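The values are calculated or read from the model by the stated rules, or taken from the named source; none is laboratory data. Note that the structure is predicted; figures quoted are calculated from it, not measured. Ideal geometry is used to build each Cβ from the backbone, glycine not excepted, and the neighbour counts take in all protein chains shown. Ligands, DNA and RNA are stripped out before the accessible areas are found, and what is left, the full protein with its side chains, is counted by its heavy atoms. Shrake-Rupley method; radii C 1.70, N 1.55, O 1.52, S 1.80 Å.
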Amino acid sequence: MDAFLSATGHILTPAPLFWCFLGVALGAIVGAIPGLSGSMLITMTVPLTFFMGSYYDALILLVAMYVGSVSGGLVSATLLRMPGTPSSIMTTLDGYPMAQRGQVGRALGLGITASFVGGLISWVFLIGLSPTLAVWATYFGPWEYFTMVLMALVLIASLSQGSMAKGLLAGFLGMLASMPGVDPSTGMLRLTFGFDSWAGGFSLLPVLLGVFVVSQVLKYIIDAERPVLRIAASNEGIFMSLADWKRQATNLIRSSVIGTWIGILPGIGASIGSICAYTAAKNLSKTPEKFGTGIDDGVVASEAANNATIGGALVPLVTMGIPGSVIDAILIGALLMHNLQPGPLLFVTNPEVPYTIISTHLIANCMMLVVMLLSVKWMSKLILVPTAYLMPIILMFCLIGSYSLQNRPFDVWVTLAFGVIGFVLEKVKVPLAPFVIGFILAVLAESELRSGLMASAGSITPLFTRPVAALFLTVSIFMLVWSFWSDSRGARLRKRDLVE
Amino acid sequence: MNDKRSSGWFEVAVYSALLFIVVSIFWSTLSLPASTREPLGSASIPQIVSVLIGLLCVILIWRTLAEMRPAADPTAEAEDEAVSHRRRTDKAAICLGIAIAFAFALQQRLLDAVILTPAFLLALMLVLNGFRPRTILPSVAIALIVGITTVYAFKNFFYIDLP
């Protein structure tokens, strides 16, 4: 409790409060611009955080950006029918029709308020669960960690876009990309193919910048001439009435809880949370046929859930060092770059760090509500910023940012190479999230497996005899079998429908 | 249908390239000596991961080829994203080329970053704007202001060793 109060007290001083505000505002603006995303912004900001006074301020800025970017997506989803961030995809279904009917302010207001409530409810879970889970996680041994990483990879591969095989392929490719260089266990060089510059391996930041920023810039340039129909924003009806609160209370709580729990599952981001909450709201509604035509419940369910996934996704991050979403994977990378080892011991060795993340989540949520309610009308003017000026600047920051990491041009080449790899993978519909999570978790998985094998004299029996490891392994196998089975069942059903 | 076939062949080419890469990686790990201190050694995990990627690539090649057969699901084509605009792959390729040239110039220290960075920005902006007279002046102004400010900030505040 002391650590929480101390962290909160620190954030409420002028400089951290400024970083929090800046993070929320930039996140919301970037989230609102279609084609740009929170992961792009946060990845590009990480190199700059090295030059900030303390890593606490860096964390405050990055977490605030996370909150702002997920919330900002609703603006373009409502006004352009283009989700600013993938997590707002379900908001387009009802937000845009509402805007077309002239209820722009109402749609935006419902979305902003639902985002706030979703964030708040998930924060309650975050503060309630994290300290307990962290204590529990300190009892984990190498086998538990190894199977947990395995489970995270299988979960994200099975629930990310596209087929299970493509998700797994992405995860394994990410793992393989992390392996060149010096083997941390034996000190032996591997997979360098004779290139001296590969001896240090590929640093996380250039890989992230390539996969998340360069690839997206290329994709955006290709589709830059996509026509958009924009509806002007208005503040009319932006505040929810008491009757709205009463009508939406159940939906708000249900969607927030769904979002939080989906966020807690390792590797699964806001998009899935939003889709599940929207589907639940539709199935439980008395008027499911109205969903997709511009109904309040649709906007509320989608936005409450996608913001709730943030708090949920932060739970495995602060307690076990496992990313709950792609942005969490980047945050883990940022912690590592600031010489902080994410995991349960962080609560013991450096409790201000997890509590700074937890407190920032709360304060950034409150700030997001105020910032977005007051500025959404102006923010809507920024969403059509000319890409011809924006994309070159983003690309320049990427390349100079990766160079600045270690003052070596090799990182710039890595950024460009992974940008092309990311672009090609997306082109063949291989999801990028498992790639990045595989890249980050591979080191942990390999070192834990090898520690476990050394402790058990080369035997894998502890995988089955240790209850938590066995549970994680069972879940992984179940998810794997279930996903492949549902993939092939879907294909069979399509074939049968064709024959009929 | 032709678009679908060509994208199918593109997928097959990507998975084949990945297959070739993981075979090379597997091959290179065979020369790593076995560890005497611990059971797995440096080669085992890359080998396991390479084999798994290889298997997944074979599955995906097989699936893609099956989907490309003429008797395959004719509705699948309709599921593809409808494109109502011209896709500027040419512009993306030119921009990537400019970025590669920038990286090369940075590595070789061909020019001072104060000149290189605005030139890089201007080249990209001109490609994306299409050399229209109306956009040249704003492009020059933005490239100069953003480029010089960024280089100045990185060199003098962040102490980055830019050329």
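General observations
- Number of positions in region A:460-500 that are open to solvent by 40 Å² or more (accessible area, probe 1.4 Å) and under 25 Å from A:Pro142 (Cβ atoms): 12
- Among the residues of region B:28-47, none qualifies, meaning not one is among the polar types (S, T, N, Q), in a helix (DSSP H, G or I), in contact (Cβ under 8 Å) with a residue 40 or more places away in the chain and under 20 Å from A:Leu176 (Cβ atoms).
- Between A:Phe439, A:Phe423, the distinction of being crowded, with 23+ Cβ neighbours inside 10 Å and either free of Cβ contacts under 8 Å to residues at least 60 places away in the same chain or under 23 Å from the mean Cα position of the chain (by Cα) (or both) belongs to A:Phe439 only.
Rundown of residues vs (1) modelled with pLDDT of 85 or more; (2) more than 21 Å from A:Ala334 (Cα to Cα), yes/no style:
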{"position": "A:Leu153", "(1), (2)": "no, no"}
{"position": "A:Leu169", "(1), (2)": "yes, yes"}
{"position": "A:Gly201", "(1), (2)": "yes, no"}
{"position": "A:Ile221", "(1), (2)": "yes, yes"}
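- Top-ranked residue of region B:111-134 - restricted to ones that are crowded, with 23+ Cβ neighbours inside 10 Å and touching a Gly at 6+ places or on another chain (Cβ under 8 Å), ranked as nearest to A:Asp223 (Cα to Cα): B:Leu121
- Residue count for region A:104-125, restricted to those that are under 21 Å from the mean Cα position of the chain (by Cα) and among the aliphatic types (A, V, I, L, M): 6
- Flag for A:Ala15 being open to solvent by less than 10 Å² (accessible area, probe 1.4 Å), on the phi < 0 side of the Ramachandran plot and assigned to a helix (DSSP H, G or I): no
- Condition met for B:Phe120 (among the aromatic types (Phe, Trp, Tyr), assigned by TED's automatic domain parsing to the domain that holds B:Gly97 and not in a helix (DSSP H, G or I)): no
For (1) away from every other protein chain (no Cβ under 12 Å); (2) assigned to a loop (DSSP other than H, G, I, E, B); (3) of a type outside the set (A, V, I, L, M, F, W, C); (4) in contact (Cβ under 8 Å) with a residue 40 or more places away in the chain, each residue gets a yes or a no:
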site	(1), (2), (3), (4)
A:Leu449	no, no, no, yes
A:Gly452	no, no, yes, yes
A:Trp482	yes, no, no, yes
A:Arg489	yes, no, yes, no
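- Subset of region A:415-431 [part of a loop (DSSP other than H, G, I, E, B) and within 8 Å of chain B (Cβ to nearest Cβ)]: A:Val428
- Any chance A:Leu453 is open to solvent by less than 20 Å² (accessible area, probe 1.4 Å), over 28 Å from the mean Cα position of the chain (by Cα) and among the hydrophobic types (A, V, I, L, M, F, W, C): yes
- Neighbours by Cβ (under 8 Å, 6+ apart or cross-chain): first from region A:44-58, within 13 Å of chain B (Cβ to nearest Cβ) and at positive phi; second buried (at least 20 other Cβ atoms within 10 Å of the Cβ) and in a helix (DSSP H, G or I): none
- Within region A:109-120, the presence of a residue that is away from chain B (no Cβ under 14 Å) and outside any helix (DSSP H, G or I) is excluded.
- Within region A:376-414, restricting attention to residues that are within 21 Å of A:Ser37 (Cα to Cα) and small (Gly, Ala, Ser), the residue that is farthest from the other protein chains (Cβ to nearest Cβ) is A:Ser380.
- Residues located in region A:114-136, provided they are in contact with a Phe, Trp or Tyr (Cβ under 9 Å, 6 or more places away or on another chain) and open to solvent by less than 10 Å² (accessible area, probe 1.4 Å): A:Ser130, A:Ala134
- Number of positions in region A:187-197 that are of a type in the set (Ser, Thr, Tyr) and open to solvent by less than 30 Å² (accessible area, probe 1.4 Å): 1
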